[in-house]
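A short reminder: the numbers here are calculations on the coordinates, not readings from a lab. Computed from a predicted structure; not experimentally measured. Backbone-built Cβ (ideal geometry, glycine too); neighbour counts: all protein chains shown.
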Amino acid sequence: MKDHSSDETVIERLQGALISEAMPKSARQYAQHLLNRLSQPVRVSVLGARRSGKSELVNMFLGRRLMPKDSNLPTTEFVWGEHETMTVTAADGSIKEFDTIDLESLADQDVAFLKLELPAEILKRINLLEVVTNGALSEFESAVDWAVRRTDIALWCSQDFGESEQTIWSRVPDSLKDHAFLVLTKADVLSAKKVLSKHVADLESIVAEEFHSLFAVATLQAVRAHEGDRVNEAKFHASGGAALASEVLRHAERGRRADFDSAHMFLMRYRANSAETVRPHSKPRLVEDSDERAAEAASTPAPEPAPEPAPVPETPVPDMPSAPKVENVALFTEATRFLKRRGDSLCEAANSLGEGKAKPLIEKCVDAVEHLVDLFSQDESGCEASDAFIDELAEASDMMVLMQVEDGDGPAADAVTLLLQLRRDMEMQMAA
């Protein structure tokens with residue numbers, strides 16, 4: 001892509017585009033949608049039944065034991081802040097702010113929603129939302145419905161993902177399931193009971209249909225790995241936590257880059273750059289911000305505390321299957337270079353779309369995908385990453401066919417964006 005503007009500049013250009021009177025209403029709505037997504041970290045929701053290990057998983061991501069186990073705390077949002085602050089929304093809708101995090105002080109209060117700001121490095125890249133209910137089925141369903149509308153990546157915590165959980169999960173839209181992970185928490189307990197491998201095997205077909213992938217994590221071990229000045233990398237890896245954290249951040253980065261690719265294409269299509277428009281003086285309010293979350297969560301009761309379980313000896317968690325490693329580096333390098341050359345020229349063409357230009361541009365994108373299919377189909381190295389990428393190319397080819405049928409400037413720009421995403425996917429696989 002020839003536009004090497006920084007991420008901050010892209011956001012500023014979108015802000016400028018929104019105040020341009022020449023922009024059509026439909027384009028303005030899409031620009032606002034892009035700006036909302038790019039102006040905040042990727043939103044990761046931690047879901048699951050009561051006592052499923054959600055709080056410990058959150059502690060693992062934060063790198064500290066902040067959230068107490070089996071507490072009566074409500075749904076809680078974790079965001080980046082240079083200093084620790086706590087915003088408490090009571091059941092009556094009143095809101096109080098505190099300049100320190102004191103969770104024990106909330107023990108006897110009727111709190112509906114909690115927002116914590118703290119300087120945890122991971123919160124610069126993702127926001128966390130731990131969704132809590134009192135265990136009633138109807139409330140559980142409502143909480144999941146509420147959360148998924150505010151979620152980019154979902155983590156469903158469980159030990160066996162039984163029928164009742166599957167029923168609730170079926171309410172989640174398919175678009176989110178592609179960005180969802182099933183997390184078997186308390187994996188050390190399951191391993192000690194000699195049922196972990198069986199659970200993983202039994203869930204294989206379900207995960208293939210309902211989730212991106214499955215991870216088994218000994219959450220207590222993962223949290224203990226962060227105790228002290230340095231992370232115990234060996235302990236963190238053995239817990240399964242390192243693999244999950246790495247994949248979530250990788251997934252978040254991939255989605256973020258896709259959003260920026262879409263923003264670049266949008267700005268090229270509407271010629272809305274910072275040199276042609278006036279930049280706004282204030283940051284726009286996000287459509288789905290914490291105030292809205294707090295107001296809607298005010299009716300969500302908190303769970304009752306549960307008895308502390310007996311300690312279980314630490315048990316190494318078996319490594320879960322990960323994305324196949326790129327062994328045929330030469331093939332991926334050649335394909336990436338091809339897409340870079342082709343992508344630059346196609347971006348130039350997309351910048352000057354007009355009458356009669358969309359169809360030839362889509363055809364060039366189709367030819368590019370077909371070239372990649374031929375290239376990867378000739379690979380006989382046995383590289384699993386190559387075989388997996390052929391499936392992704394097949395999906396891209398099907399999408400290109402639909403874009404040819406639709407025709408027009410919009411589908412043409414989408415076709416170019418799809419090629420850019422394929423290139424991004426290959427680069428991330430090579431870097432993994």
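Before moving on, here are some points about what is shown:
- Amide H contacts of Arg43 (H built 1.01 Å from N, in plane; Pro and chain starts excluded): Asn127, Asp152, Ile153 sit under 5 Å, all sequence-distant by 5 or more or on other chains.
- Selection from Tyr30, Leu57, Ser71, by position along the positive dipole direction of the range 5-116 (Cβ): Tyr30
- Listed values for the range 368-380 are Karplus-derived 3J(HN,Hα) couplings in whole Hz (6.51 cos²θ - 1.76 cosθ + 1.60, θ = phi - 60°), namely 5, 5, 5, 4, 5, 4, 4, 4, 6, 5, 7, 6, 10, and x replaces Gly and Pro.
- Förster-model FRET efficiency, 41 Å R0, Ser246 and Val401, C-beta, rounded to 0.05: 0.75
- Taking 37 °C and 0.692 mPa s as conditions, the range 329-431 diffuses translationally at an estimated 237 µm²/s according to Stokes-Einstein applied to its Kirkwood radius (Cα pairs).
- Sorting 325-333, 349-357, 50-58 by average packing, meaning the other beta carbons within 10 Å per residue, from highest down gives 50-58, 325-333, 349-357.
- Rounded FRET efficiency, nearest 0.05, which uses the C-beta distance separating His371 from Ile95 and R0 of 56 Å: 0.50
- Vicinal HN-Hα couplings computed from phi for the range 174-179 (Karplus, 6.51 cos²θ - 1.76 cosθ + 1.60; Hz; Gly/Pro x): 4, 4, 7, 4, 5, 10
- Applying the Karplus relation 6.51 cos²θ - 1.76 cosθ + 1.60 with θ = phi - 60° to the range 401-409 yields 3J(HN,Hα) values of 4, 5, 5, 5, 5, 5, 6, x, 5 Hz, where x marks Gly and Pro.
- Charging the Cβ of each Asp and Glu at -1 and of each Lys and Arg at +1, and nothing else, the dipole of the range 329-431 about its Cα centre rounds to 520 debye.
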